[in-house]
Protein chains: 2
Amino acid sequence: MQQLEELKTILGTVADLNSAVAVLSWDQETYMPEGGAEARAAQLATLTRLSHETFTSARVGELLAFLEAQDLGDPDGFVASLVRVTRRDYDRATKLPAEFVQEQALAQNAAHHAWIRARAESNFELFRPHLERMFELARRQADLLGYEEHPYDALLDQYEPGARVAEVRRIFADLRDQTLPLVKAIAARGDATDYSVLTRYFNVDRQREFALKVAGALGLQPQFSRLDVSAHPFQTTFDHDDVRITTRFDPHFFPAALFGVWHETGHAMYEHGVDPELARTPLAAGASLGVHESQSRMLENLVCRSRAFWQGYFGEFQAMFPEALERVDLESFYRAINRVEPSLIRVEADEVTYNFHIMLRFELELALLEGSLEVKDLPAAWNAKMQDYLGITPASDAEGVLQDIHWSAGLIGYFPTYSLGNLLSVQLLEAARRALPDLDAHIAAGQFAPLMTWLRENVHRHGRKLLPRQITERATGEALTARYYVDYLWRKFGEIYGVSREPAVSAD
Amino acid sequence: MQQLEELKTILGTVADLNSAVAVLSWDQETYMPEGGAEARAAQLATLTRLSHETFTSARVGELLAFLEAQDLGDPDGFVASLVRVTRRDYDRATKLPAEFVQEQALAQNAAHHAWIRARAESNFELFRPHLERMFELARRQADLLGYEEHPYDALLDQYEPGARVAEVRRIFADLRDQTLPLVKAIAARGDATDYSVLTRYFNVDRQREFALKVAGALGLQPQFSRLDVSAHPFQTTFDHDDVRITTRFDPHFFPAALFGVWHETGHAMYEHGVDPELARTPLAAGASLGVHESQSRMLENLVCRSRAFWQGYFGEFQAMFPEALERVDLESFYRAINRVEPSLIRVEADEVTYNFHIMLRFELELALLEGSLEVKDLPAAWNAKMQDYLGITPASDAEGVLQDIHWSAGLIGYFPTYSLGNLLSVQLLEAARRALPDLDAHIAAGQFAPLMTWLRENVHRHGRKLLPRQITERATGEALTARYYVDYLWRKFGEIYGVSREPAVSAD
């Protein structure tokens, strides 16, 4: 069909512009001299504008309308998926008037600068009016995008297509109710583990070597990827055969780079595994932030913080860092890298407490959006929830409500995807385990190909053709649930900390 | 004026697209994994097409026509210069029909691949039909662009605006006649210098450190620049405050990286010195390839291969490489890095013989374009001229007629700019010396600011506002001439090799 070819040509131009934006952004975070910042902002604004103008042109709407009237065959096929997903993106992109987008961009820019200062001075009041504005704009954005049940649905749908607040509330309630006892039980126990290994000196070049060796075993090859250094680690995609990751190295805290690299490797392998047939179309990316996070957290936590993994790698790791690991055995190392401790900063949280940071943010976002909480009361509400969930209170707003960049960038409805990804990671791994009964033995032998092949087949290759819900149900046989994650946490950390899920009733 | 603002907005978009092309190309040569090549080609093609379409739109023509009817004030001012230079670029860009440009691109692509194979196999016949096609297309391009005297003028003008073949012929004739005796005189002398220092081991990290230290003293600061590694060294500009250079390091041939970095520093300082007022317009770049080369060759050769420079730096250099330089004194080092020897490869040639490589190419290009030479006879003509000028003959076409990439990329009329740059470098330096009588003392003291300030004032800041001819005449008080360069070569190399310009008549 001539119309299909024309649509693909336009979408190819958009994809190329978006890839160029990605390259310029990557360079900005990795290599750009500071002097380049002002011009780079102009270059990125121009490319983003051209991409948006090209994608939202009336011609794309005409071509979609024509194609939607044809028989496009199998709904899972390339053509039907392309038209369906392009329509979803097109409607979303055209529902927001240019004036609104510009107003939002200006407000975000101001909010971002205010947030940087507010955090540096730990002064919430500097950020408060900007945050009020962000939530006001979010409410208007939700109205413009439209929703059936809850305005938050419109926001969430941008990051997790098809997800709804009612479902997230239900899943998070299960998660909270069934893992809060674990947090309390671990906190109640004395912990005699020696964690000093985590802060010993690990040569940065050898950290890089080991991190990349494992990443290579996980499938990340230099033919289609590279690792660079940036202040904030990220993964970015210029093509399925050019996926890049970044990390930061701390000679006195090796977990940052090691688990960080393996986390980003999960993202990169997802992007690399998307069917090449989808290249230069809107289908060529991960299905959602949540599904993406399931891949990164699976490698970071489920694989690379597992006992099986270190049964395979600890000897080699020890040989590379003989001084730091001289009197450390596998078991104490395993416990150290799996330390559970309520802490203030989300990005440093362990597997057990991490989701409470997310649930806290989700609940506060909802309350702010619904109007049941005012921004001026946010710091107090934040601190109260931290006390409820984790039993700790930030000494300052910099360590509390001001710690994340997201709200200053207008990213409201984004946080839940982190926990959805965590839940999905275990649900997927359990499905993989059913298909691959020797999975733990493979992992202990450093053989990750069976798992990665299963993930490519069941998750990666589909790109954005399937919704997160479809990927979940087809790959695991059921809808997303907290059950697998809850079981995993109790099993793994119950064993490490010697606590059991149903505490025996005291007999006195 | 509203029309001026509209033109500047369009030109800003074009500039941003061109900068994005530069970033993507830089990444391609420095960091891109091999898997990214295919997608990168598509991205570059899309950005280049969008830049061309935006710049050649009918609206730009209308705005230019409107503005040209206004009083634009001082011809050297921003507005008049912007309109004048944009008109020049616009006419050139719109004179070539899209079909011709596409035909040329396809032919160049085929020629490039044929050239790679032909050079690898040293088989000119593989390249011959493609080179015939390149010259046929060049003749058609000259006709489309238009010219007054000679079709070569139309080609040359793309790289050296305002330059004409008649003038270049005259200048090159002077250069040839007055420096060929120097080549012959040096070749006739026995040379007892020990050149082994050039191929001793120099640690690559320390090469980088020293190269960057000097580059920093020349003005290149990490706030607005960086150095990376690529197979073929180059300089590229993303903004006047983001100018980047690349080099390649050879532990057994330090001059490649050292003089290479200082060469690229000359290019980078030119781009960095362009008046920031010209940013995001067609005026924000060097005036021509020749003027650009004058800046790179001035730092590489006139400054960094001078005795004064090494009087200042040799002690430090020796301290950084004590083993390689243990028994080397300043004078023998100075002679080693200024070795003159007829050789086959242009990019490895010394200051005395380099321009003969250029003159040879210029003369052959003219003969091929005029039809007085056929492509099939080119290898023989090449080898004959090499024998005439430098007294050597390539053992194979790979070391001869096939050595340069330029013709395979359709770059005909480009080579003369290298020698025009060499000539201008000395003419400019002599003018700077008249204004800065202590120049050599400054250089010996590692103080380059007076020279760089003079260059910024007289060359850099103008960007493309002035033609090369205007820059030359205003900065030096006269038109471009071979005289200063000829005098420089005889003075410097006559002293090193003990030959004098007017050999005494033998008295026997």
Failed item, numbered, when residue B:327 is tested on (1) at pLDDT below 95; (2) touching a Leu at 6+ places or on another chain (Cβ under 9 Å): (2)
Does residue A:488 satisfy the criteria of being in contact with a helix residue (DSSP H, G or I) (Cβ under 7 Å, 6 or more places away or on another chain), under 25 Å from residue A:332 (Cβ atoms), modelled with pLDDT of 95 or more and in a helix (DSSP H, G or I)? yes
Given the criterion within 14 Å of another protein chain (Cβ to nearest Cβ), among the hydrophobic types (A, V, I, L, M, F, W, C), in contact with a helix residue (DSSP H, G or I) (Cβ under 9 Å, 6 or more places away or on another chain) and surrounded by fewer than 21 Cβ atoms within 10 Å (Cβ to Cβ), identify the matching residue among B:274, B:229, B:204. B:229
Got a sec? Which helices (runs of 4 or more DSSP H) wholly within region B:1-78 have at least 3 residues that are polar (S, T, N, Q)? B:2-30, B:37-55
When residues of region B:374-423 are limited to those that are among the acidic types (Asp, Glu) and part of a helix (DSSP H, G or I), the one farthest from residue B:346 (Cα to Cα): B:377
Hits in region B:94-106 - residues which are in contact with a helix residue (DSSP H, G or I) (Cβ under 6 Å, 6 or more places away or on another chain) and not in a loop (DSSP other than H, G, I, E, B): B:95, B:104
Only one residue in B:445, B:431 is in contact with a helix residue (DSSP H, G or I) (Cβ under 9 Å, 6 or more places away or on another chain), of a type outside the set (D, E, K, R) and more than 17 Å from residue B:479 (Cβ to Cβ). Which one? B:445
Considering every residue within region B:50-65, establish whether at least one is over 26 Å from residue A:53 (Cα atoms), over 27 Å from the mean Cα position of the chain (by Cα) and more than 14 Å from every other protein chain (Cβ to nearest Cβ). yes
With respect to residue B:105, is the statement that it is of a type in the set (A, V, I, L, M) and away from chain A (no Cβ under 14 Å) true? yes
Looking only at region A:15-29, which residues are more than 9 Å from chain B (Cβ to nearest Cβ) and in contact (Cβ under 8 Å) with a residue 60 or more places away in the chain? A:22, A:25, A:29
Tally the residues that are more than 8 Å from chain B (Cβ to nearest Cβ) and surrounded by 17 or more Cβ atoms within 10 Å (Cβ to Cβ), restricting the search to region A:31-48. 1
Can residue A:421 be described as surrounded by fewer than 17 Cβ atoms within 10 Å (Cβ to Cβ) and in contact (Cβ under 8 Å) with a residue 12 or more places away in the chain? no
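Yes or no, residue by residue, for (1) surrounded by fewer than 17 Cβ atoms within 10 Å (Cβ to Cβ); (2) under 20 Å from the mean Cα position of the chain (by Cα); (3) assigned to a helix (DSSP H, G or I):
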| position | (1), (2), (3) |
| --- | --- |
| A:142 | no, no, yes |
| A:161 | no, yes, no |
| A:181 | yes, no, yes |
| A:185 | no, no, yes |
Please indicate, with yes or no, whether at least one residue in region A:278-287 is assigned to a helix (DSSP H, G or I), surrounded by fewer than 23 Cβ atoms within 10 Å (Cβ to Cβ) and within 14 Å of another protein chain (Cβ to nearest Cβ). yes
Please give the number of the condition residue B:190 fails out of (1) more than 14 Å from chain A (Cβ to nearest Cβ); (2) in contact (Cβ under 8 Å) with a residue 40 or more places away in the chain. (2)
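The values are calculated or read from the model by the stated rules, or taken from the named source; none is laboratory data. Nothing here was measured: the structure is a model prediction, and the numbers come from that model. Every residue, glycine among them, receives a Cβ derived from its backbone with ideal geometry; neighbour counts consider all protein chains shown.
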